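Peer 1: Below is one structure. I have some questions about it.
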Number of protein chains: 6
Amino acid sequence: MKVCRRETFNAAHRLYDARWSDEKNFEVFGKCSNPNFHGHNYVLETWVDGPIDADTGYVIDLKMLKHLIRDEISERFDHRNLNLDCPEFKDLKPSAENIAYVIWHLLRPKLDAKYQLSVRLWETENNIVEYAGI
Amino acid sequence: MKVCRRETFNAAHRLYDARWSDEKNFEVFGKCSNPNFHGHNYVLETWVDGPIDADTGYVIDLKMLKHLIRDEISERFDHRNLNLDCPEFKDLKPSAENIAYVIWHLLRPKLDAKYQLSVRLWETENNIVEYAGI
Amino acid sequence: MKVCRRETFNAAHRLYDARWSDEKNFEVFGKCSNPNFHGHNYVLETWVDGPIDADTGYVIDLKMLKHLIRDEISERFDHRNLNLDCPEFKDLKPSAENIAYVIWHLLRPKLDAKYQLSVRLWETENNIVEYAGI
Amino acid sequence: MKVCRRETFNAAHRLYDARWSDEKNFEVFGKCSNPNFHGHNYVLETWVDGPIDADTGYVIDLKMLKHLIRDEISERFDHRNLNLDCPEFKDLKPSAENIAYVIWHLLRPKLDAKYQLSVRLWETENNIVEYAGI
Amino acid sequence: MKVCRRETFNAAHRLYDARWSDEKNFEVFGKCSNPNFHGHNYVLETWVDGPIDADTGYVIDLKMLKHLIRDEISERFDHRNLNLDCPEFKDLKPSAENIAYVIWHLLRPKLDAKYQLSVRLWETENNIVEYAGI
Amino acid sequence: MKVCRRETFNAAHRLYDARWSDEKNFEVFGKCSNPNFHGHNYVLETWVDGPIDADTGYVIDLKMLKHLIRDEISERFDHRNLNLDCPEFKDLKPSAENIAYVIWHLLRPKLDAKYQLSVRLWETENNIVEYAGI
């Protein structure tokens, strides 16, 4: 049985590589490399897979999962500049893929080993990524 | 090839355990344990996985699947109180997980063995569960 | 300039008239008169119309509006049985129209007279009401 | 890591079998067999599964995937009559299942072998299909 | 108080003018003039404005409004070719604007004079029209 | 008859007032005043009200309106930092209200005087503004 909590956060970011010229960055990342950043309303689905607890009828208490996501993810990334404010992206480009990767690795150690975890992240209504661990 | 029919139903429910005190129920289930019930617009996706029929181009006739869902699920749960009106939840808490579990077991015997079945249920726009059998 | 905050709440309700027979209630309200209640995920849009404040760029601080809606509306109706728990519906049927009417009259006195107010309420994804005062 | 690009296209179609009588066609396909066609806003999610490129942070450049979908799918099917204008459906009924099958086989050879591909297609907001290859 | 019922229907159509050359039609209507039609999932919101009935708590019974829309609109247009099957569009181009105009004039005489009526029609998720009468 | 085109753009912004202390800015704008910016997927509905043209069946060619929005709005604001890159917000805080105000004044002179114009802007799925001119 899988259960999911959906949360949102808003952040600024920019995709560029300091080793490359501005031209190369624009060629690879297009408008996403604009030097003064742009931003998104990120939508995050956190899916937890595990057995139903017979006493509660829950796989996991979604209120607890909601608080976990707020403490670990929203507090960290909401209303932030991912490139400038977040050490997680100091040496990692804040592409949707890498954000999902980082979120998964932030949440995984906080969840009991009996659960499987996957995350789905909307960067825009047309661009989506999903990560379920290795 | 997987195909899905989406349907909705509205129901009242309450999460509580008769063996526990009101305090314990509130501690575990929060506002979901309020004695006079609350309710939801449940959204149900029913996914059927199987081969395409060469004659019809269908995995399964979605009109037939729609009628099956209405007969087996909506007739049973729509505009009902899951705790009081539905024998399926006499000894089972009507959590989203258990509702999905019950729906899967109601639909499974009605479908040809050649199909795999999974169900996804939205309790709110932020709380989702998914069940694909054992 | 109009601004809107969208919030949700979940509640149980029932439409029936104690002066009428069960048959008459079923004839008028159909499944909505089921004696043990059913429920909905209500979606509420609260629209406030007024001038932009030159200092803040805001018509009204949406964070303040969000807290107002939570204090006055969600606290009152979320995870409640509108018929049994809410004195507002003691002598008033909790139809979507009447819920919108009550919400408007709860919010109106809390807002400065310079603002106009309207509320839009989704009972289901297909049933919507809107009220802007007399 | 999976990434997805969402695109839409609008097309007319009809489900019928030339070997069958009108009565048989109506019995099997209902209103979908109406002789003068009807139509849909198809929503297509194209999911690509592969490793993250360390230089770009991308599994695949979603701008490139968007252009691929537009060149291979939208150019071919958007504002078309699938039965009359599209040779892909000369001998294949344009059911949602078969459209997804055709789309998958059009995109597969255009993608590097290191990627896995699946497509999800909405025919209406309630009818969805998904295909991930054999 | 305004109330709304949302319904959907699927239809094929084509925009062209028989008095014009193919070139002129393509210049004015682009891909919408393709000779073999294309189609849409139309989403229709029907808004009725009137007083709340004290006995029922309703402006209008939304079940009755739903049946009215199904009888007058869906029966007429769903799974149809608007150009070929529908006399309403014999001498009127089936643009979203004209479809909304026709729908309004079909529903208006069926509603009590005490109500005001407006209709909102989505042709795609990005193209919307609204008509409230003269 | 009103018609609408929906478009989206992504931008970074920050709300703060250079005349105020950081404390005052945080008190008024909360996290929206974070110095390194955050961002949003803005959704813009552009509504044009006017008569139906008898020849085309259009109030305005939505393809033309789409290109106008792209040229005047998306080119200007998409993937930009509203505070740093956009002279429109040099002396005006980029609140949702002010962005809608600026968009309305950019589009108004490009539209024939026979049309009325209003714009609706989603900053998040829960925060919406609407502006119809003075």
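Peer 1: Take residues that are under 20 Å from the mean Cα position of the chain (by Cα) and tell me which of the helices (runs of 4 or more DSSP H) falling wholly in region C:12-127 contain 3 or more.
Peer 2: Working: elements: C:22-29, C:62-69, C:82-85, C:96-107.
The helices (runs of 4 or more DSSP H) meeting that bar are C:62-69, C:82-85, C:96-107.
Peer 1: Quick test of your reading of the structure: residue D:22 fulfils all but one of (1) modelled with pLDDT of 95 or more; (2) farther than 22 Å from residue A:128 by Cβ. Name the failing condition by number.
Peer 2: The one condition residue D:22 does not meet is (1).
Peer 1: Collect the residues in region B:124-134 that are closer than 19 Å to residue D:126 by Cβ and surrounded by 18 or more Cβ atoms within 10 Å (Cβ to Cβ), keeping them in residue-number order. Show your work before the answer.
Peer 2: Step one: of region B:124-134, the residues closer than 19 Å to residue D:126 by Cβ are B:125, B:128, B:130.
Passing the criteria: B:128, B:130.
Peer 1: I need the full set of residues from region C:119-132 which are of a type outside the set (A, V, I, L, M) and touching a helix residue (DSSP H, G or I) at 6+ places or on another chain (Cβ under 6 Å), in order please. Give the steps one after another, and end with the answer.
Peer 2: Restricting attention to region C:119-132, the residues satisfying the condition of being of a type outside the set (A, V, I, L, M) are C:120, C:122-127, C:130-131.
C:123, C:127, C:131 - these are the residues of region C:119-132 that are of a type outside the set (A, V, I, L, M) and touching a helix residue (DSSP H, G or I) at 6+ places or on another chain (Cβ under 6 Å).
Peer 1: Of all residues in region B:76-115, which are of a type in the set (Lys, Arg) and either more than 19 Å from residue B:43 (Cβ to Cβ) or touching a helix residue (DSSP H, G or I) at 6+ places or on another chain (Cβ under 6 Å) (or both)? Full working, then the answer.
Peer 2: As a first pass, look at region B:76-115 and keep what is of a type in the set (Lys, Arg): B:76, B:80, B:90, B:93, B:108, B:110, B:114.
Once the filter is applied, which keeps residues that are of a type in the set (Lys, Arg) and either more than 19 Å from residue B:43 (Cβ to Cβ) or touching a helix residue (DSSP H, G or I) at 6+ places or on another chain (Cβ under 6 Å) (or both), region B:76-115 yields B:90, B:93, B:108, B:110, B:114.
Peer 1: Another question about this same structure. Please go through region B:1-16 and pick out each residue that is open to solvent by less than 10 Å² (accessible area, probe 1.4 Å) and in contact with a Gly (Cβ under 9 Å, 6 or more places away or on another chain). Walk me through it before giving the result.
Peer 2: Start the filter on region B:1-16 by keeping residues that are open to solvent by less than 10 Å² (accessible area, probe 1.4 Å), which leaves B:3-4, B:9, B:11-13, B:15.
If the condition is that a residue be open to solvent by less than 10 Å² (accessible area, probe 1.4 Å) and in contact with a Gly (Cβ under 9 Å, 6 or more places away or on another chain), then B:3, B:11, B:12, B:13, B:15 are the ones that fit.
Peer 1: Criterion first (more than 13 Å from chain A (Cβ to nearest Cβ) and in contact with a helix residue (DSSP H, G or I) (Cβ under 9 Å, 6 or more places away or on another chain)) does residue F:34 satisfy it?
Peer 2: Values: more than 13 Å from chain A (Cβ to nearest Cβ): no; in contact with a helix residue (DSSP H, G or I) (Cβ under 9 Å, 6 or more places away or on another chain): yes.
For residue F:34, the condition - more than 13 Å from chain A (Cβ to nearest Cβ) and in contact with a helix residue (DSSP H, G or I) (Cβ under 9 Å, 6 or more places away or on another chain) - is not met.
Peer 1: Take the residues of region B:94-109 that are under 15 Å from residue B:75 (Cα atoms) and open to solvent by less than 10 Å² (accessible area, probe 1.4 Å): which is farthest from the other protein chains (Cβ to nearest Cβ)? Please lay out each step first, then the result.
Peer 2: The first filter runs over region B:94-109 and keeps only residues under 15 Å from residue B:75 (Cα atoms), leaving B:99, B:102-103, B:106-107.
From what is left, the residues that are open to solvent by less than 10 Å² (accessible area, probe 1.4 Å) are B:99, B:103, B:107.
Working: B:99: 9, B:103: 12, B:107: 16 Å.
Here the residue is B:107.
Peer 1: Any residue in region D:46-60 that is in contact (Cβ under 8 Å) with a residue 24 or more places away in the chain sitting within a Cβ distance under 7 Å of a residue that is of a type in the set (A, V, I, L, M) and surrounded by fewer than 18 Cβ atoms within 10 Å (Cβ to Cβ)? List the pairs, counting only those 6 or more apart or interchain.
Peer 2: These pairs meet every condition: D:48/D:111.
Peer 1: Still on this structure, I have one more. Would region A:37-54 turn up any residue that is at pLDDT 95 or above, within 12 Å of chain F (Cβ to nearest Cβ), farther than 23 Å from residue B:32 by Cβ and surrounded by fewer than 19 Cβ atoms within 10 Å (Cβ to Cβ)?
Peer 2: Checking region A:37-54: at least one residue is at pLDDT 95 or above, within 12 Å of chain F (Cβ to nearest Cβ), farther than 23 Å from residue B:32 by Cβ and surrounded by fewer than 19 Cβ atoms within 10 Å (Cβ to Cβ).
Peer 1: Take the conditions within 20 Å of the chain's Cα centre (by Cα) and over 30 Å from residue E:104 (Cβ atoms) and apply them to residue F:9. Does it pass?
Peer 2: On the way: within 20 Å of the chain's Cα centre (by Cα): yes; over 30 Å from residue E:104 (Cβ atoms): yes.
Considered against the rule, which asks whether it is within 20 Å of the chain's Cα centre (by Cα) and over 30 Å from residue E:104 (Cβ atoms), residue F:9 comes out as yes.
Peer 1: May I pose another question? Given the structure, is residue C:29 surrounded by 15 or more Cβ atoms within 10 Å (Cβ to Cβ) and closer than 18 Å to residue C:101 by Cα? Before you say what the answer is, go through the steps one by one.
Peer 2: Numbers: surrounded by 15 or more Cβ atoms within 10 Å (Cβ to Cβ): yes; closer than 18 Å to residue C:101 by Cα: no.
Spelling it out, it is not the case that residue C:29 is surrounded by 15 or more Cβ atoms within 10 Å (Cβ to Cβ) and closer than 18 Å to residue C:101 by Cα.
Peer 1: A further question follows. Of the numbered conditions (1) out of contact with any strand residue (DSSP E or B) (no Cβ under 7 Å at 6 or more places or on another chain); (2) open to solvent by less than 10 Å² (accessible area, probe 1.4 Å); (3) not basic (Lys, Arg), residue F:119 fails exactly one; give the number of that condition.
Peer 2: Unmet condition: (1).
Peer 1: Sticking with this structure for a sec: What number of residues within region E:1-31 satisfy the criterion of being aliphatic (A, V, I, L, M), more than 14 Å from chain D (Cβ to nearest Cβ) and in contact with a strand residue (DSSP E or B) (Cβ under 7 Å, 6 or more places away or on another chain)? Working first, answer last.
Peer 2: Within region E:1-31, the subset aliphatic (A, V, I, L, M) is E:1, E:3, E:11-12, E:15, E:18, E:28.
Checking the rest, the ones that are also more than 14 Å from chain D (Cβ to nearest Cβ) come to E:1, E:3, E:18, E:28.
Within this subset, residues satisfying the condition of being in contact with a strand residue (DSSP E or B) (Cβ under 7 Å, 6 or more places away or on another chain) are E:1, E:3.
Of the residues in region E:1-31, 2 are aliphatic (A, V, I, L, M), more than 14 Å from chain D (Cβ to nearest Cβ) and in contact with a strand residue (DSSP E or B) (Cβ under 7 Å, 6 or more places away or on another chain).
Peer 1: On the basis of being touching a Cys at 6+ places or on another chain (Cβ under 8 Å), in a strand (DSSP E or B), of a type in the set (D, E, K, R) and farther than 23 Å from residue E:54 by Cα, does residue C:130 make the cut?
Peer 2: Working: touching a Cys at 6+ places or on another chain (Cβ under 8 Å): yes; in a strand (DSSP E or B): yes; of a type in the set (D, E, K, R): yes; farther than 23 Å from residue E:54 by Cα: no.
Here the answer is no, as residue C:130 does not meet what is asked.
Peer 1: Let me ask something else. Given the criterion polar (S, T, N, Q) and over 29 Å from residue B:29 (Cβ atoms), identify the matching residue among C:118, C:33.
Peer 2: Numbers: C:33 fails: over 29 Å from residue B:29 (Cβ atoms).
Being polar (S, T, N, Q) and over 29 Å from residue B:29 (Cβ atoms) holds for just one of C:118, C:33, which is C:118.
Peer 1: Take region E:99-116 and flag every residue that is closer than 28 Å to residue E:34 by Cβ and in contact with a strand residue (DSSP E or B) (Cβ under 9 Å, 6 or more places away or on another chain).
Peer 2: E:99, E:100, E:101, E:103, E:104
Peer 1: Determine whether region F:61-75 contains at least one residue that is within 7 Å of another protein chain (Cβ to nearest Cβ), touching a helix residue (DSSP H, G or I) at 6+ places or on another chain (Cβ under 8 Å) and under 30 Å from residue E:33 (Cα atoms). Working first, answer last.
Peer 2: First, pick out the residues of region F:61-75 that are within 7 Å of another protein chain (Cβ to nearest Cβ): F:62-63.
Filter once more, keeping what is touching a helix residue (DSSP H, G or I) at 6+ places or on another chain (Cβ under 8 Å): F:63.
Those left that are additionally under 30 Å from residue E:33 (Cα atoms): F:63.
Looking through region F:61-75, at least one residue is within 7 Å of another protein chain (Cβ to nearest Cβ), touching a helix residue (DSSP H, G or I) at 6+ places or on another chain (Cβ under 8 Å) and under 30 Å from residue E:33 (Cα atoms).
The values are calculated or read from the model by the stated rules, or taken from the named source; none is laboratory data. Note that the structure is predicted; figures quoted are calculated from it, not measured. Every residue, glycine as well, gets a Cβ built from its backbone with ideal geometry; the counts of neighbours run over all protein chains shown. For accessibility, only protein heavy atoms count, side chains too; no ligands or nucleic acids. Shrake-Rupley method; radii C 1.70, N 1.55, O 1.52, S 1.80 Å.
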